[in-house]
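Below is one structure; the comments refer to it alone.
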Amino acid sequence: MPVQPTYPGVYVQEEPSGVRTITGVSTSTAVFIGRAKQGPLNEPLLCLSYPDFERTFSSVYADSDLARAVRLFFLNGGTKCYVMRIANGAGAAEVTLKNEAGTEEVLNVKAKSAGIIGNLIRLAVSYDGLQPESTFNLEVFRWKKNSQGQWVKKDMEIWKSLNMDPNHPRYAVHYINQQSKVIYLTNIVTSTPVDGYSRSGRPVAGLSDLLSLIDNDYSRFRISVDGGAFEEVDLYGVTDLNDIQSRINTLLPTGSVTVSLKTGPSSTQYLQISSTGGDVCIEPAADKDLSRTLMLGTAQGGIEVSRFAYQRPAPNGIVFQMDKLNDFAALAQNDFDTITINGVEINLNKLNTTGTPADPMYADGYLPSPNVTGNNDGIREKWNIIAEAINDKRIDQSDFKWTAKVWGSRLALIPGADGDNEIGTLETSGGGGTDLKSYFLFNVRYYSLGTTGTGSYQANGANGKDGDAPKQKEYKDAFEILRKEVDLFNLLILPRDEDHKLEERNSLWGPASIFCQEERAFLLMDAPETWDAVQKATNPSDGVNSLRPGLVKDHSAVFHPRLIIR
């Protein structure tokens, strides 16, 4: 118990010693430096097993014994090592992606692993998601032949709801560069962002028609501007657009909006709420909701475009272009009744949903009629009818490999076969004979890193290069990187490189042994291949004595005879 000092003097108190764990220092942490088929260059990576090594650097022979040396290390009891890939003149495959308009280069994509292996990396961009006019998805993979000789997807990554806004939590460049094991992204956009906006999907004849839809039963919606919290707006009693704008801006803690009417199909107009500072998002109110009536918000059939939407890379496949939306909406429901994709005709006899063939495409046949949208949700209705017909054809006809999807107010056709650079064909016919070919974007199946990609939406492809055998400079640079980034290692191994001559290889041992002396490590040297007998190993002119000049002998060793693996 604690001593209670009451008088001057010396007091003694016994304390239990307890358990003091002594942590051992590893004597078998190795460093391997050499060429590999893949993996980051000039970056020491910790491997705790041979499968660890294979996943990052591959076991494929790269004119170096690196993979074999690491494998033997773990087979013979090794538990921990660092591997550093080096090469002379290696380079990573890359490609540049353009925006949907094809007018601006927006993203540079580069393989994380230098080498020709990057030439097999493929990308697919889609806009499928909760906000199809604001975000994009990116599929990343590498083609590889399996044991049956078939090309299969490996190292697959799927990144969803990416954004081109640098301040967004899912900003594509930061999000992917921090997490992807396959690619790096660089934003190369030079254009200025546009105003973000939310546009109604319900066409109105004008201001009076718009105001007539706002009454005591349908007057509210919730709005978020510039990433702020959702605020509920009540428009009951408004008399003009300025009144609507004022009601919204009064509620916003930051930022402001501009309210206007934009051109719609067939002399109609759409309500649009815009912001110069960020995005505008609208969702239904719990009571007296107006968003469904006006089709405001993506989920209600509206269009919400972010400030950075036009900086997204173009989607792959055949995709409807949003600047043709008014043209499509104004078409009569009998203007075509057949769609032909890659020569395969598909009947669309269900497009007339209202019973009146001359009705515009934006008119829907949903029941009850009239419904909350005034039967104006025909765009999504027609796209879903077309998509269903295409997907039914894929089920019925085994050699038809296209899949149709509806992305908000767009139709997208995704190829499921053919080559990476395959660009499909589409046309519509029958009925009034209208062909929608010009309404669509036609892009390749996959973007390709390297120089094999074609099409209008990728450029500046550069092939990856494995590089040549590393020189003394690459090894010395590697030593300096190790000095800074690896706290402790005990063994240094420089596996044989097939393209090194004997003189080049012997010139590495001196600097390597000095580095080991400075780091209190030990260099394991390979005996020259010419030492096939004891007499040659002990020959005064070209035996072991020839290795001694410049070598720190108490931090290095060469073993003979050479190990033979059968």
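Where a number appears in this text, it was derived from the coordinates with a stated rule and is not lab data. Keep in mind that this is a model prediction, so the values were computed, not measured. Every residue, glycine among them, receives a Cβ derived from its backbone with ideal geometry; neighbour counts consider all protein chains shown.
Mind checking which strands (runs of 3 or more DSSP E) fall wholly inside region 410-474 and carry at least 1 residues that are of a type in the set (S, T, N, Q), over 21 Å from the mean Cα position of the chain (by Cα) and within 28 Å of Ile346 (Cα to Cα)?
426-429
Among the residues of region 126-171, count how many are charged (D, E, K, R), within 10 Å of the chain's Cα centre (by Cα) and closer than 21 Å to Pro193 by Cβ.
Matching residues across region 126-171 total 0.
Do the conditions hold for Ile282, that is, is it touching a Phe, Trp or Tyr at 6+ places or on another chain (Cβ under 7 Å), within 30 Å of Val125 (Cβ to Cβ) and of a type outside the set (S, T, N, Q)?
Values: touching a Phe, Trp or Tyr at 6+ places or on another chain (Cβ under 7 Å): yes; within 30 Å of Val125 (Cβ to Cβ): yes; of a type outside the set (S, T, N, Q): yes.
In short, yes.
Exactly one condition in (1) surrounded by fewer than 22 Cβ atoms within 10 Å (Cβ to Cβ); (2) within 30 Å of Thr103 (Cβ to Cβ); (3) touching a Lys or Arg at 6+ places or on another chain (Cβ under 7 Å) is false for Gly302; which is it?
Against the list (1) surrounded by fewer than 22 Cβ atoms within 10 Å (Cβ to Cβ); (2) within 30 Å of Thr103 (Cβ to Cβ); (3) touching a Lys or Arg at 6+ places or on another chain (Cβ under 7 Å), Gly302 comes up short only on (1).
Would you mention how many residues in region 65-106 are farther than 30 Å from Ile188 by Cα, part of a strand (DSSP E or B) and touching a helix residue (DSSP H, G or I) at 6+ places or on another chain (Cβ under 7 Å)? Step through it out loud before you land on a result.
Residues of region 65-106 farther than 30 Å from Ile188 by Cα: 65-84.
Add one more test, that the residue is part of a strand (DSSP E or B), and what stays is 81-84.
The next check asks that each one be touching a helix residue (DSSP H, G or I) at 6+ places or on another chain (Cβ under 7 Å); those that pass are 81, 83-84.
The qualifying residues number 3.
Can you go through Leu271, Leu261, Leu296 and tell me which one is outside any loop (DSSP other than H, G, I, E, B), under 15 Å from Ser200 (Cα atoms) and in contact with a Ser or Thr (Cβ under 9 Å, 6 or more places away or on another chain)?
Values: Leu261 fails: in contact with a Ser or Thr (Cβ under 9 Å, 6 or more places away or on another chain); Leu296 fails: outside any loop (DSSP other than H, G, I, E, B).
One residue alone meets the criteria, Leu271.
Hey, can you tell me all the residues within region 305-349 that are of a type outside the set (A, V, I, L, M), at negative phi and surrounded by fewer than 17 Cβ atoms within 10 Å (Cβ to Cβ)?
Step one: filter region 305-349 for residues of a type outside the set (A, V, I, L, M), giving 306-308, 310-313, 315-317, 320-321, 323-324, 326-328, 333-338, 340, 342-343, 345, 347, 349.
If we keep only those that are at negative phi too, we end up with 306-308, 310-313, 315-316, 320-321, 323-324, 326-328, 333-338, 340, 345, 347, 349.
Gln321, Asp323, Lys324, Asp327, Asn334, Thr338, Thr340, Glu345, Asn347, Asn349 - these are the residues of region 305-349 that are of a type outside the set (A, V, I, L, M), at negative phi and surrounded by fewer than 17 Cβ atoms within 10 Å (Cβ to Cβ).
Could you say whether any residue in region 505-519 is part of a loop (DSSP other than H, G, I, E, B), in contact with a strand residue (DSSP E or B) (Cβ under 9 Å, 6 or more places away or on another chain) and buried (at least 16 other Cβ atoms within 10 Å of the Cβ)? Show your work before the answer.
Residues of region 505-519 part of a loop (DSSP other than H, G, I, E, B): none.
No, region 505-519 has no match at all.
In contact (Cβ under 8 Å) with a residue 40 or more places away in the chain and either more than 30 Å from Ile117 (Cβ to Cβ) or not basic (Lys, Arg) (or both), is that true of Ile565?
On the way: in contact (Cβ under 8 Å) with a residue 40 or more places away in the chain: yes; either more than 30 Å from Ile117 (Cβ to Cβ) or not basic (Lys, Arg) (or both): yes.
So Ile565 passes the test.
Got a number for residues in region 124-146 being polar (S, T, N, Q), surrounded by fewer than 23 Cβ atoms within 10 Å (Cβ to Cβ) and farther than 20 Å from Val109 by Cα?
Going through region 124-146, the residues polar (S, T, N, Q) turn out to be 126, 131, 134-135, 137, 146.
This time we only want the ones that are surrounded by fewer than 23 Cβ atoms within 10 Å (Cβ to Cβ), so: 126, 131, 137, 146.
With the extra rule that they be farther than 20 Å from Val109 by Cα, the set shrinks to 131, 146.
So the count comes out to 2.
How many residues are over 15 Å from Tyr270 (Cβ atoms) and surrounded by fewer than 18 Cβ atoms within 10 Å (Cβ to Cβ) when one looks only at region 209-221?
Of the residues in that region, 4 qualify.
For Asp497, indicate whether it is touching a helix residue (DSSP H, G or I) at 6+ places or on another chain (Cβ under 9 Å), closer than 21 Å to Ala67 by Cα and either surrounded by 13 or more Cβ atoms within 10 Å (Cβ to Cβ) or basic (Lys, Arg) (or both).
Numbers: touching a helix residue (DSSP H, G or I) at 6+ places or on another chain (Cβ under 9 Å): yes; closer than 21 Å to Ala67 by Cα: yes; either surrounded by 13 or more Cβ atoms within 10 Å (Cβ to Cβ) or basic (Lys, Arg) (or both): yes.
It is true that Asp497 is touching a helix residue (DSSP H, G or I) at 6+ places or on another chain (Cβ under 9 Å), closer than 21 Å to Ala67 by Cα and either surrounded by 13 or more Cβ atoms within 10 Å (Cβ to Cβ) or basic (Lys, Arg) (or both).
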